[in-house]
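Here's the structure, in C-alpha cells; my notes come after.
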Amino acid sequence: MTDAQRSHPRDFIASLEKGLKVLLCFERKHAKLNLSEVARLTGYTPATARRLLLTLHELDYLHSDGKRFWVAPRTLLLARSYLMSRPAPQVAQPVLDKLADRTRQSASLGLLLDHEVLIIARSTGRRTLSTGLGIGSRLPAFCSALGRAVLSTLPREEVVSYLATTPLDPWTPKTVQDIASATGQVEHCRTFGWAECDEELELGVRSIAVPISSISDKTIAAVSLSVRAERMSMEAFRAAHLAAIREARDELRATVTFD
C-alpha cells in the first residue's frame with residue numbers, strides 16, 4: 001500500500017502492516033516456513049523478517065521448532081471477531097446449507113480481496129471434496145470460478161489491468177497461464193452470467209460460480225458449487241445445478257449485507 005492509498009499516512013503504523021503480512025504468508029501451500037522463506041514471500045530483509053517472526057512467536061501467534069514457524073491457535077481469535085460480529089457469514093450459512101443439501105455438493109461464498117478470493121462461508125455436501133477448503137481459505141481470482149464471477153462486472157480495462165499485475169502461477173496442468181485466456185474466462189461470465197473452473201485449481205474438481213450484485217449492480221461477492229469431475233461433465237453440471245446456484249444467489253442478494 002502506498003501513502004497515496006492511505007487516508008491518513010501520518011497515522012499509519014508500518015510495523016503493524018508488516019506483522020500482519022507475515023501472518024498472511026502462512027496457508028495450506030506454506031504451512032510451515034523458515035526465515036528465508038518468509039523474507040522471500042514478504043519481500044522484507046531477513047533481519048526484518050526475523051524480528052517480526054520472533055515477536056509473533058513471543059505473542060503466541062506463531063509456534064516454532066527453532067528453524068521453522070507455523071500459525072498458532074491464537075490466530076483464530078482474529079477470524080472469530082469477524083465471524084461473530086458481522087452478519088454476512090451468519091445470514092449466508094443457512095442459504096449455503098440449503099444449496100449443499102439440495103445438490104449434495106459443496107457450496108461457498110467468496111469476496112474479492114486483493115488478487116484472491118476469500119471464502120467467508122462454506123457448506124460441505126454429502127459428497128466431500130478433497131480440496132480441504134474452509135472459511136478463511138484463499139483462492140486465486142484469475143483461475144477460480146468465484147474469482148472470475150466477481151471480476152466479471154468490473155470494466156474490461158480494469159480486468160485486464162488487474163490480471164496484468166497478478167502472478168498467473170499454474171495450479172494444475174489445466175490452469176490458464178496467459179492474460180488473454182484468463183480475460184476470456186471473465187468475459188464468458190460477463191456474457192452468460194456464470195463462471196466455471198474445470199480442474200484448474202485441483203485435478204478432479206469442477207466449479208461453477210454466479211456473481212452476487214447489489215441494487216446498483218456492483219458485484220460484491222459470488223456463490224459457487226463444486227463437484228468431483230468423475231461424477232459429471234461440466235455440461236451435465238450446468239444442466240443439473242446452475243438453476244439451484246442462481247436461486248441461492250437471489251436469496252443471498254435479498255438477505256445478506258456485505259460491508
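The values are calculated or read from the model by the stated rules, or taken from the named source; none is laboratory data. Everything numeric in this text was worked out from a predicted model, so none of it was measured. Ideal geometry is used to build each Cβ from the backbone, glycine not excepted, and the neighbour counts take in all protein chains shown.
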Answer yes if at least one residue in the stretch 80-102 is within 29 Å of Asp169 (Cβ to Cβ), surrounded by fewer than 15 Cβ atoms within 10 Å (Cβ to Cβ) and either in contact with a Pro (Cβ under 6 Å, 6 or more places away or on another chain) or modelled with pLDDT of 80 or more (or both), and no otherwise. no
For the stretch 53-72 the number of residues that are loosely packed, with under 15 Cβ neighbours inside 10 Å, in a loop (DSSP other than H, G, I, E, B) and either in contact (Cβ under 8 Å) with a residue 12 or more places away in the chain or aliphatic (A, V, I, L, M) (or both) is 3
Pull out all pairs, ordered by first then second residue, where Cβ-Cβ is under 6 Å, the residues are six or more apart or on different chains, the first lies in the stretch 225-240 and is touching a residue at least 60 places away in the same chain (Cβ under 8 Å) and assigned by TED's automatic domain parsing to the domain that holds Pro211, and the second is assigned to a loop (DSSP other than H, G, I, E, B) and not small (Gly, Ala, Ser). Leu225/Gln105; Ser226/Leu129; Val227/Gln105
Could you run through the stretch 25-49 and say how many residues are outside any strand (DSSP E or B) and loosely packed, with under 15 Cβ neighbours inside 10 Å? 10
Which condition breaks for Leu76 when tested against (1) closer than 30 Å to Asp250 by Cβ; (2) out of contact with any helix residue (DSSP H, G or I) (no Cβ under 8 Å at 6 or more places or on another chain)? (1)
Pairs with Cβ under 8 Å, 6+ apart, first in the stretch 142-170 and without any contact (Cβ under 8 Å) to a residue 60 or more places away in the chain, second surrounded by fewer than 12 Cβ atoms within 10 Å (Cβ to Cβ) and of a type in the set (Asp, Glu): Leu168/Asp178
Among the candidates Arg50, Arg68, residue that is outside the structural domain of Pro167 (by TED's automatic domain parsing), touching a helix residue (DSSP H, G or I) at 6+ places or on another chain (Cβ under 6 Å) and more than 30 Å from Val256 (Cβ to Cβ): Arg50
What's the total number of residues in the stretch 223-233 that are in contact with a Lys or Arg (Cβ under 8 Å, 6 or more places away or on another chain) and part of a strand (DSSP E or B)? 4
For Ala149, are the conditions met, namely being outside any loop (DSSP other than H, G, I, E, B), crowded, with 18+ Cβ neighbours inside 10 Å and modelled with pLDDT under 90? no
